[in-house]
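Asks: Below: one structure in structure tokens.
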Amino acid sequence: MESILVLTHADESGSALTKASLEAVTAGRDLAARLNAELRIGIVAAKPQLLSKGLLCAAPKGLQCAAPVLAVAGEAFAQARFASDAAACTELCRAAQPTLVLAPHSSRFARVMAAVAHRVGGAIDTHIAALGGAEGFETTRWFYRQRIEAVIRRDKRPWFLLLEPGTNPAFAADPHAPAAPSDQIAIAVELPELRTQVTGFRAPKVDEQTIRPDAQLLFVAGAGWTKKQPDGQVHTGEAAELILKFLRASGASLGSSKSLVDQGGEGNSVLPFLTHLNQVGQTGATPRHAKGLSTCCHGEEPHVVGWRFIGERRAVNLDPNCGWTRGKADVVYIADAFAVMQRVNALLGSSDT
Amino acid sequence: MATTFHIAVCAGIVPDPLQTLEPTTTPGGPAIKNEMLLPAVLDPWAASALYEAADLASRVPGSKLWLVSLGPKARLQQVMMTVAQKVAFELVPIDSPQGGFADAAATAEAIASTIEAIPNLDRAKLLLFGGWESASRGAGVTLQFVGERLRIADQFFGVDQIIVHDDGSFEVLERVEGGKHQVSVCAGAPAVLGWATGNLAEPRNNPQIGMANMRTVMPALQRAKAAALDANGLRYVAVSLPRQQRETRVVQDMTPDQIAAELVAWIGKDR
């Protein structure tokens with residue numbers, strides 16, 4: 001019989017679990033119900049006492065009791081740092097003795113979980129998109145940067161699975177359910193020498209944050225925005241203005257092709273607010289948004305692999321033979337993106353007022 | 001700067017991203033069809049790590065740089081013809097089947113034992129570099145396993161920058177959620193740094209560096225030890241290409257005004 005430990009962590013404020021952690025709790029509940037497995041929840045936070053309230057009723061569906069919560073506490077766990085987080089997760093695993101460990105594929109846990117699996121003699125798979133299997137337990141993940149999908153099984157236990165954010169709904173306690181007592185068990189951790197201190201966070205040197213993971217729409221700017229226009233001139237300033245205006249009006253998240261971001265390092269005319277963090281594709285991000293709008297981007301395969309988890313896709317491009325027209329987008333408008341986005345902004349502006 | 005670093009960059013080889021990939025089944029498990037015939041490149045994020053390592057080694061006199069690469073010898077030789085012209089390094093090849101379907105722990109074990117055996121590598125000065133994820137398996141765990149196996153207690157992933165201070169400590173910028181970087185200060189080597197894109201452009205080919213590198217690359221390839229990778233109980237139930245073909249509507253006869261109106265309606269739908 002399987003036993004499941006869901007590992008979670010606090011967000012930057014320390015006062016709540018991350019959304020991805022709550023998604024892992026949902027996945028853990030569903031899996032525990034399906035496998036008839038025992039469920040425990042582990043928390044890594046400075047003050048986990050504040051967080052476990054949200055986990056009341058997080059037992060597998062159909063059971064009234066709360067899932068036991070194991071927690072490490074202390075200021076050392078306020079920081080997302082390899083040495084302390086690895087020690088904490090290792091002790092939580094040793095205490096719970098699970099056969100399956102589910103955790104969010106967050107930057108914090110992705111940094112440490114393979115080391116934890118190594119320490120407890122387990123195996124690990126990451127970027128898990130689905131948990132399933134009619135006969136036995138299996139998982140789905142992608143290979144070759146979202147170009148090949150595989151369903152895998154492992155005999156080795158404990159099996160650590162880092163769940164891709166956005167693949168499960170976030171757990172929310174039912175406010176009408178009877179409040180089950182929270183059974184939080186404090187787990188002691190002997191910390192190693194801490195040679196690293198987290199000193200803060202830094203946003204890219206841009207006027208405003210253009211990466212919005214929770215946005216409905218991904219807007220992608222391609223290299224065409226900085227190319228010569230019909231008048232023989234480049235209009236980078238105008239392009240920047242159009243794009244930023246659209247992002248503000250629509251609330252979209254900004255992505256870019258590698259070729260446009262790389263232009264910055266080669267001394268070419270660039271959009272000042274773009275960094276490598278905006279890059280989508282083979283060497284960039286694979287974000288999850290309901291819709292995606294690509295502009296001035298050719299839709300080459302290394303870029304489009306970053307669109308794997310974009311629902312509805314539309315593109316504006318001057319080239320009727322661009323990659324988007326070959327089955328990669330739902331709608332492709334053969335048009336000048338400058339003209340189109342100017343009018344889109346005008347319409348969005350007028351609908352706001 | 002009194003500190004020197006011994007930098008080992010772990011970098012695999014992958015099919016050129018422009019190639020179409022098709023999975024196939026072999027007696028040894030899933031593989032890419034005709035993978036040995038596809039053009040190969042150094043894994044992109046690991047390549048960023050290599051360029052950053054070379055830059056760091058050039059700024060910290062006395063530092064050394066090894067490129068530890070696992071793949072079929074013949075493919076490694078082909079890729080090195082290009083990579084060796086970029087930056088100076090000493091190649092430490094591991095002859096092993098190419099591919100993203102191998103188990104990461106087995107791959108890490110082969111790499112870790114190879115690094116342990118590098119002559120004159122001072123583990124107290126070791127900075128273990130690599131890509132934060134590969135373009136093949138894309139799990140982001142191999143480098144972490146290697147670091148753990150080598151008992152390195154400080155690891156950083158999604159690294160875009162390090163700034164080394166005079167006392168050997170360094171500031172690291174790691175990518176975190178929401179388009180931000182987490183800033184950390186580490187007391188110094190040894191440490192693992194899994195690089196994202198970094199800040200350096202790909203160096204131009206330098207034939208002189210290429211000639212100097214190739215003097216050691218070819219003998220190293222001839223001496224490369226073969227590593228068999230254990231599956232460690234990993235079984236593939238299905239491996240397939242995603243159903244990605246869409247029925248594309250190509251619109252060529254609408255004015256910018258009409259397109260804008262349609263786009264705004266589409267964006268506003270379901271909001």
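The values are calculated or read from the model by the stated rules, or taken from the named source; none is laboratory data. The structure displayed is predicted, hence computed values, not measured ones. Positions of Cβ are backbone-derived with ideal geometry, glycine not excepted, and every protein chain shown enters the neighbour counts.
Residue by residue, here is whether (1) surrounded by 20 or more Cβ atoms within 10 Å (Cβ to Cβ); (2) within 14 Å of another protein chain (Cβ to nearest Cβ); (3) in contact (Cβ under 8 Å) with a residue 12 or more places away in the chain; (4) touching a strand residue (DSSP E or B) at 6+ places or on another chain (Cβ under 6 Å) holds:
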residue	(1), (2), (3), (4)
B:71	yes, no, yes, yes
B:83	yes, no, yes, yes
B:105	yes, yes, yes, no
B:145	yes, yes, yes, no
B:156	yes, yes, yes, yes
B:160	yes, yes, yes, yes
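Asks: Can you give me the number of residues within segment B:181-191 that are in a strand (DSSP E or B) and either small (Gly, Ala, Ser) or more than 8 Å from chain A (Cβ to nearest Cβ) (or both)? Break it down stepwise before answering.
Replies: Here is the first cut: in segment B:181-191, the residues in a strand (DSSP E or B) are B:181-186, B:191.
Next, only the ones that are either small (Gly, Ala, Ser) or more than 8 Å from chain A (Cβ to nearest Cβ) (or both) stay: B:184, B:191.
Residues in segment B:181-191 being in a strand (DSSP E or B) and either small (Gly, Ala, Ser) or more than 8 Å from chain A (Cβ to nearest Cβ) (or both): 2 in total.
Asks: Looking at segment B:223-271, which of its residues are out of contact with any Lys or Arg (no Cβ under 9 Å at 6 or more places or on another chain), small (Gly, Ala, Ser) and in contact (Cβ under 8 Å) with a residue 24 or more places away in the chain?
Replies: B:227, B:228, B:231, B:240
Asks: Sticking with this one: Since residue A:263 meets every condition but one in (1) more than 11 Å from chain B (Cβ to nearest Cβ); (2) over 26 Å from residue A:165 (Cα atoms), which condition does it not meet?
Replies: Of (1) more than 11 Å from chain B (Cβ to nearest Cβ); (2) over 26 Å from residue A:165 (Cα atoms), only one is false for residue A:263: (1).
Asks: If only one of B:176, B:239, B:172 is within 11 Å of chain A (Cβ to nearest Cβ), under 24 Å from residue B:106 (Cα atoms) and crowded, with 17+ Cβ neighbours inside 10 Å, which one is it? Even if it seems obvious, please write down each step before you answer.
Replies: Values: B:176 fails: under 24 Å from residue B:106 (Cα atoms); B:172 fails: under 24 Å from residue B:106 (Cα atoms).
None of the other options fit; the residue is B:239.
Asks: Something else now. Counting only residues that are modelled with pLDDT of 95 or more and aliphatic (A, V, I, L, M), which one in segment A:131-160 is surrounded by the fewest Cβ atoms within 10 Å (Cβ to Cβ)?
Replies: A:151
Asks: Kindly state which strands (runs of 3 or more DSSP E) lie completely within segment B:1-62 and contain at least 2 residues that are closer than 18 Å to residue B:84 by Cβ. Spell out how you get there, then give the answer.
Replies: Values: elements: B:6-10, B:13-15, B:23-26, B:29-32, B:40-42.
Qualifying strands (runs of 3 or more DSSP E): B:6-10, B:13-15, B:40-42.
Asks: To continue, here is another question. Within 30 Å of residue A:90 (Cα to Cα), under 17 Å from the mean Cα position of the chain (by Cα) and either more than 9 Å from chain B (Cβ to nearest Cβ) or modelled with pLDDT of 90 or more (or both): which single residue out of A:163, A:191, A:218 fits that description?
Replies: Working: A:191 fails: under 17 Å from the mean Cα position of the chain (by Cα); A:218 fails: within 30 Å of residue A:90 (Cα to Cα).
Residue meeting the stated conditions: A:163.
Asks: For residue B:220, only one of the following conditions fails: (1) surrounded by 14 or more Cβ atoms within 10 Å (Cβ to Cβ); (2) within 14 Å of chain A (Cβ to nearest Cβ); (3) over 30 Å from residue B:25 (Cβ atoms). What is its number?
Replies: (2) is the only condition that residue B:220 fails.
Asks: Say we look at segment B:193-214 and pick out the residues that are under 23 Å from residue A:203 (Cα atoms) and hydrophobic (A, V, I, L, M, F, W, C); which of these is nearest to the other protein chains (Cβ to nearest Cβ)?
Replies: From segment B:193-214, those under 23 Å from residue A:203 (Cα atoms) are B:193-201; that's our starting set.
Filter once more, keeping what is hydrophobic (A, V, I, L, M, F, W, C): B:193, B:195-196, B:200-201.
Values: B:193: 11, B:195: 11, B:196: 7, B:200: 7, B:201: 4 Å.
Out of the qualifying residues, it is B:201.
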